[in-house]
Amino acid sequence: MLETLKTLELTPFILSFKLAGVTTLILFILSLPLAWYLAQTKSRVKPYLEAITSLPIVLPPSVLGFYILIIFAEIDLAFTFTGLVIASCFYSLPFMVQPLQSGFEGLNKNMLEASYISGKSKLETILRVALPNIKPALMTAIIITFAHTVGEFGVVLMIGGSIPDETKVASIAIYEFVEVMDYGTAHIYSAIMVAISFLVLLGVYFFNQKQSKKIGGFH
């Protein structure tokens, strides 16, 4: 076990965190206006947009990965880190949009109207009024999206394969260790992933609990 730890290859974890970080940043930028629109609109297209946004939750990763792979094969993005990032953005989209949308929907409408009356634009209202008042939802969206991306397997396997230093993330490395019956190394990689996932979720719950106590203290 000690020898395994000494020779532990960290690159798959670094790639996983890099993928998760880039994906989370991109999704935050793209999801912010979408979540705001879904929270504010009464348009008839809202249910359709929500259904499309939520598709990755119910679709098997192999189905989503298959169609993305077909598209990427035409533009030479398959089996590249860039392709992984784009695929991950599709796969993790609902984990960013839904918490943000719920947070926006729970905002006091009078507060938003006061912002508009004072002359603030929609963008200023979102950044200076809305976001500071949905910290629990914001933190949940960012952390859960990051953690979900770190743990991706099906889509990553189909789109990225297992190219060392390029697309071989931690989840793929674990799969390959199991394939060759190297259960010792697979245990270590898996334990690290479990620990990371637990700490991430623990951080979310502690943060949300702290925010709830703060809000409760104002009443």
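Data for the structure
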read-out: Inter-residue pairs, beta-carbon under 7 Å, first at positive phi and in the stretch 151-166, second buried (at least 17 other Cβ atoms within 10 Å of the Cβ), 6+ apart; value: Gly161/Phe79; Gly161/Thr167
read-out: Residue in the stretch 97-106 that is over 21 Å from the mean Cα position of the chain (by Cα), surrounded by fewer than 18 Cβ atoms within 10 Å (Cβ to Cβ) and either part of a loop (DSSP other than H, G, I, E, B) or at pLDDT below 90 (or both) present; value: yes
read-out: Residue that is buried (at least 19 other Cβ atoms within 10 Å of the Cβ) and at pLDDT below 90, where the choices are Thr149, Thr140, Thr145; value: Thr140
read-out: Among residues of the stretch 142-193, those that are under 19 Å from Leu84 (Cβ atoms), more than 18 Å from the chain's Cα centre (by Cα) and small (Gly, Ala, Ser), counted; value: 3
read-out: Condition met for Ser115 (more than 24 Å from the chain's Cα centre (by Cα), surrounded by 18 or more Cβ atoms within 10 Å (Cβ to Cβ) and among the hydroxyl-bearing types (Ser, Thr, Tyr)); value: yes
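The values are calculated or read from the model by the stated rules, or taken from the named source; none is laboratory data. Model, not experiment: these values are computed from the prediction. Virtual Cβ from ideal backbone geometry, glycine too; neighbours counted across all protein chains shown.
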